[in-house]
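Below is one structure; the comments refer to it alone.
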Amino acid sequence: MLLADSCTVPDKFRRTTADFDVVIASVSSAVPSHKVSQAPVAERAMRVFPHLTGLAGLFATTGIESRYVCETPDWYLEDRGWQERTASFQRHSLVLLEEVALKAVEAASIKFHDIDAIVVNTITGLAVPSLEARLLNRFPFSRHVSRILPYRQLDFFSEISRRLSRENADA
């Protein structure tokens, strides 16, 4: 979703029903290149995480028929460390974010420097520097663009910080 100040947005996107001057100028999406069916994912999950076998019914009742993954399905069967999984997430997520940003800006008929704020939310992986910080270096955004961290991510980082503090205190 692309939010922009209504002064920079073409008339076709403007609405006068709100008391504030922000519009959703466009919405775009992108998915990773590998599509996998839910049944093989459920089977693999039960092999990789046998202690979760009691939750197997969740795969059948979610209504998800397929999902998209960045690496080949077999890539996920191998034992991979945190560093390799994180590197894969960061590489692929930035490519997808760039694709979404380009499509959203084009659909809204605006320029990157017209964007006032960026909100990026993911529960899939972790990127430091953040994905939107990396995106800022790839397109001609205004140097005044705001980066907004969604509440759920703040909650996530707070929990990680709390756990790390507790582990360090126990060491």
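The values are calculated or read from the model by the stated rules, or taken from the named source; none is laboratory data. Note that the structure is predicted; figures quoted are calculated from it, not measured. When we count neighbours, we look across all protein chains shown, and the Cβ atoms used for this are built from the backbone with ideal geometry, even at glycine. Please note that ligands, DNA and RNA were not included when accessible areas were found on the heavy atoms of the full protein model with its side chains. Shrake-Rupley method; radii C 1.70, N 1.55, O 1.52, S 1.80 Å.
Obtain the nm distance between the two label points defined at Arg47 and Thr61 by a simple spin-label model: each point lies 7 Å from its Cα along the Cα-to-C-beta direction.
Modelled inter-label distance: 2.6 nm.
For His34, which sequence-distant residues (separation of 5 or more, or a different chain) have an amide H within less than 5 Å of its own amide H, given hydrogens modelled in the peptide plane?
Residues meeting the amide H criterion: Val69.
By how many nm would the segment from Val27 to Arg80 grow when fully extended, if each residue of separation counts as 0.36 nm and the alpha-carbon distance is taken off?
Details: separation 53, 0.36 × 53 = 19.08 nm, distance 3.42 nm.
That works out to 15.7 nm of additional length.
Rounded to the nearest 0.05, what FRET efficiency do Leu102 and Lys35 give with R0 = 35 Å and r taken as the Cβ-Cβ distance? Could you check?
0.95
Apply 1/(1 + (r/R0)^6) to the Cβ-Cβ distance of Thr124 and Ala169, taking R0 = 41 Å, and write down the FRET efficiency to the nearest 0.05.
Taking R0 as 41 Å, the efficiency between Thr124 and Ala169 is 0.90.
If you roll a 1.4 angstrom probe over the protein chains with everything in place, what fraction of the accessible area of segment 11-140 belongs to carbon and sulfur, to the nearest %?
57 percent
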